[in-house]
Amino acid sequence: MSTPNFFSFASGESWQDTFICWLVACAIKAPDPLQECGLAFVRTLFRAGAEDGTMDIPVLDSDGNPIAPYNGPCEVSDVGNPCTQYNRIDVYFQAKVDGKTVSFPIEDKVNTQYHSNQLVRSLCHVINDDEKEDLIKPVYFKTGYVFSDERETVIENKYSLFEAEDLKNFLDCHQDVVQQNQILCHYAKYLNDKKRTRVEAFANWDLNQDYVQWEFMEKLRDVLRGAAGRWRFFVPRSLSNFQHAWRNILIRGKNRGGTPFTQYWFTDHLFWRLDAWKPLRFMIYLDNAGQNYNGIQETYRDYFNEALNQEGLHAGNARIVRRGKERTIGSIDTENLQEMTVREFLHRVKRVHIRFLESIS
């Protein structure tokens, strides 16, 4: 009988803060080989963001400005006591790397992401702190799925991303220590379980998961990008008398019940939307589309359903409800995704998309 995994119960960010602090503290005082593992962990955090993990390491000077990529040997010494919530930074410590004092502000996430200007605020606290350093190494440490827009913002804010795969690779390189230490052993198994769950969700295209929705809608955007560019159109004059701005953005969020949704806006008034437990929906936003939609909504739905039938796709089981300024024009059943490849499905959606735009242009 296997022992219950500690981290299946202690899976929140505060526990992950504790794990990071514990492993960093092992570099200060722990029996070998655990102490060497702790030193190697600090070295790995310093190398975060380097393409091959060793060369061209991104790092900031004491004023928070990027310097030329660092290429030293990364010898770690004099690791200071790590602490949590220092100036509201999740984890903070200092260490010497090749004789230079380096401050490590770490923003730690599991399945959530940065908020409330967290990244800028934390870095400013370090820059303005009385504790002197030669270099600053801001790290965005996340074991959950990292969304593409999240990744871009992290890099723009001069943080180096340290993902679950980076941590898994680190633990895989220290298997002897992992096998001898229950904390490391449980954490390695916890990461493996998270990875397996995520792989299975993608394999089954479980659209109830926010990260699966996101990747699905990114693929839809890639497929539709050329179509949207070709089919620039005027909305019928009865709806509006100006050409709408073209957009190319993904938006995600939570419904009132806490379930995730993802939207792809290709104009400022038309968008595709995925909600948990619901079909793929084609929607209109009335504030940006004029106020005469009610008069022609049945026509729009007829055009959409006609395009759907021509592609052999089925309408989804979604009630057409009035919700704020959003209206559902039509929907597509996603239950048969396992019967056809996602690629085939998306290309059929593309043809529905083009046929509909042709009809209303």
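The values are calculated or read from the model by the stated rules, or taken from the named source; none is laboratory data. Everything numeric here is computed off the predicted structure, so don't read it as measured data. Counting neighbours? That spans all protein chains shown, and the Cβs are built from the backbone with ideal geometry, glycine included. Surface areas here come from the heavy atoms of the whole protein model, side chains and all, with no ligands, DNA or RNA. Shrake-Rupley method; radii C 1.70, N 1.55, O 1.52, S 1.80 Å.
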Next item on the list: Test Tyr140 against the criterion of being in contact with a Ser or Thr (Cβ under 8 Å, 6 or more places away or on another chain) and over 30 Å from Pro66 (Cα atoms), and give yes or no.
Entry: no
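A quick yes/no check of all residues on (1) open to solvent by 40 Å² or more (accessible area, probe 1.4 Å); (2) on the phi < 0 side of the Ramachandran plot:
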| position | (1), (2) |
| --- | --- |
| Pro82 | no, yes |
| Tyr86 | yes, yes |
| Val91 | no, yes |
| Ile106 | no, yes |
| Gln113 | yes, yes |
| Ser116 | yes, no |
| Leu123 | no, yes |
| Asp129 | no, yes |
| Leu135 | no, yes |
Item checked: Members of region 13-27 found to be open to solvent by 30 Å² or more (accessible area, probe 1.4 Å) and farther than 24 Å from Leu60 by Cα, listed by number -> Glu13, Ser14, Trp15, Thr18, Trp22
Next item on the list: Write out, first by first residue and then by second, each pair whose Cβ atoms fall under 9 Å of each other, whose residues are 6+ apart or on separate chains, and whose first residue, in region 20-42, is more than 8 Å from Val79 (Cβ to Cβ) and at pLDDT 95 or above while the second is open to solvent by 50 Å² or more (accessible area, probe 1.4 Å) and of a type in the set (Val, Ile, Thr).
Entry: Ile20/Thr84; Cys21/Thr84; Trp22/Ile183; Leu23/Ile183; Gln35/Ile28
Check: Name the residues in region 68-87 that are among the small types (Gly, Ala, Ser) and at pLDDT below 95, would you?
Finding: Ala68, Gly72
Checklist line | Options Val212, Val177; residue that is of a type outside the set (Lys, Arg), touching a residue at least 24 places away in the same chain (Cβ under 8 Å) and in a helix (DSSP H, G or I) | finding: Val177
Next item on the list: Specify the residue that is nearest to Glu152 (Cα to Cα); the eligible residues are those in region 180-205 that are free of Cβ contacts under 8 Å to residues at least 60 places away in the same chain and crowded, with 19+ Cβ neighbours inside 10 Å.
Entry: Lys194
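Please tell me if Val146 is within 26 Å of the chain's Cα centre (by Cα), open to solvent by less than 50 Å² (accessible area, probe 1.4 Å), farther than 14 Å from Leu45 by Cα and of a type in the set (Val, Ile, Thr). Outline the logic, then answer.
Numbers: within 26 Å of the chain's Cα centre (by Cα): yes; open to solvent by less than 50 Å² (accessible area, probe 1.4 Å): yes; farther than 14 Å from Leu45 by Cα: yes; of a type in the set (Val, Ile, Thr): yes.
In short, yes.
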Next item on the list: Look at region 259-311 and say how many of its residues are touching a His at 6+ places or on another chain (Cβ under 7 Å), open to solvent by less than 30 Å² (accessible area, probe 1.4 Å) and part of a helix (DSSP H, G or I).
Entry: 0
Check: Which of the residues spanning region 33-61 are open to solvent by less than 20 Å² (accessible area, probe 1.4 Å) and assigned to a loop (DSSP other than H, G, I, E, B)?
Finding: Ala48, Ala50, Val59
Item checked: Asp222 vs. criteria modelled with pLDDT of 50 or more and assigned to a loop (DSSP other than H, G, I, E, B) -> no
Margin query: Please count how many residues of region 341-361 are more than 14 Å from Phe271 (Cα to Cα), among the aliphatic types (A, V, I, L, M) and open to solvent by 10 Å² or more (accessible area, probe 1.4 Å).
Written below: 1
Checklist line | Which numbered condition Glu152 misses (of (1) among the charged types (D, E, K, R); (2) without any contact (Cβ under 8 Å) to a residue 12 or more places away in the chain; (3) touching a Gly at 6+ places or on another chain (Cβ under 9 Å)) | finding: (3)
Notebook entry, point to check: In region 62-107, how many are in a loop (DSSP other than H, G, I, E, B) and not acidic (Asp, Glu)?
Noted result: 17
